[in-house]
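What follows is a single structure, written as C-alpha cells, with notes after it.
The values are calculated or read from the model by the stated rules, or taken from the named source; none is laboratory data. These numbers were taken from a predicted model, which means no experiment stands behind them. Note that we place each Cβ from the backbone using ideal geometry, even for glycine, and neighbour counts take in every protein chain shown.
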Amino acid sequence: MALMDAEKITQLREKLLERKRKLWREVKGQIKTGLGESYQDLLETARDEEDQAQVNLLEETQFSLIEPKRQELVAIEEALQRLENGTYGECEGCGKLIEPRRLEIMPETALCRDCQSQKEKIAKASSR
Ligand SMILES: [Zn+2]
C-alpha cells in the first residue's frame with residue numbers, strides 16, 4: 001500500500017534514525033554512570049547504533065533506568081521495519097490509519113490514539 005511518497009518516507013526514516021542515535025547516546029551515558037567499569041564490554045559492543053542486536057543486548061543488562069529508553073528503541077526499530085514494509089502509519093491494533101498529527105509527535109508509535117489508551121488501561125488494570 002502506498003501511504004506515502006518516497007520523499008516522505010526518506011524524511012521519516014531520517015527522523016527515526018536521528019531519534020535512535022540520540023537515545024543510544026543517552027542510554028550509553030546512563031550505563032556508564034550507573035554501572036561503571038563492569039559494563040565496559042557492553043559499551044564497546046554497543047558502539048554500532050545501527051545494529052538491532054545491540055538493542056537485544058540491552059535487555060540483558062537488567063538496568064531499570066534505561067528500560068523506558070530501551071522500549072523506545074525497540075519501537076523505533078519496529079517503525080523503521082514498517083517503513084520498509086510499507087505498512088507504516090497503520091495502527092497495529094485496529095488497522096486504521098494513525099492520526100497524522102500523532103505520527104508527527106511520535107513517529108515511532110504503532111497504535112492510534114484509541115488503541116493506545118485502551119492498552120494503557122489494560123496495563124494499569126493488570127499492574128494492580
Ligand atoms: Zn487503532
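Could you check the stretch 102-128 and list, in sequence order, the residues that are part of a helix (DSSP H, G or I) and under 22 Å from Leu17 (Cβ atoms)? Explain how you work it out, then say what you get.
Initially, the stretch 102-128 is screened for residues part of a helix (DSSP H, G or I), giving 102-105, 113-126.
Result: Arg102, Leu103, Glu104, Ile105.
Quick one: in the stretch 62-90, of everything that is surrounded by fewer than 19 Cβ atoms within 10 Å (Cβ to Cβ) and assigned to a loop (DSSP other than H, G, I, E, B), which residue is nearest to the ligand (Cβ to nearest atom)?
Filtering the stretch 62-90 for residues that are surrounded by fewer than 19 Cβ atoms within 10 Å (Cβ to Cβ) and assigned to a loop (DSSP other than H, G, I, E, B), the one nearest to the ligand (Cβ to nearest atom) comes out as Thr87.
Pull out all pairs, ordered by first then second residue, where Cβ-Cβ is under 8 Å, the residues are six or more apart or on different chains, the first lies in the stretch 12-27 and is surrounded by fewer than 15 Cβ atoms within 10 Å (Cβ to Cβ), and the second is among the hydrophobic types (A, V, I, L, M, F, W, C).
Correct list of pairs: Leu17/Leu80.
Let's see how each residue does on (1) without any contact (Cβ under 8 Å) to a residue 24 or more places away in the chain; (2) among the charged types (D, E, K, R); (3) in contact with a Leu (Cβ under 8 Å, 6 or more places away or on another chain):
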{"residue": "Ser64", "(1), (2), (3)": "yes, no, no"}
{"residue": "Arg70", "(1), (2), (3)": "no, yes, yes"}
{"residue": "Ile76", "(1), (2), (3)": "no, no, yes"}
{"residue": "Gly86", "(1), (2), (3)": "no, no, yes"}
{"residue": "Glu90", "(1), (2), (3)": "no, yes, yes"}
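Identify all residues within the stretch 70-128 that are in the same structural domain as Leu23 (by TED's automatic domain parsing) and in contact with a Ser or Thr (Cβ under 8 Å, 6 or more places away or on another chain); write none if there are none.
Ala75, Ala79
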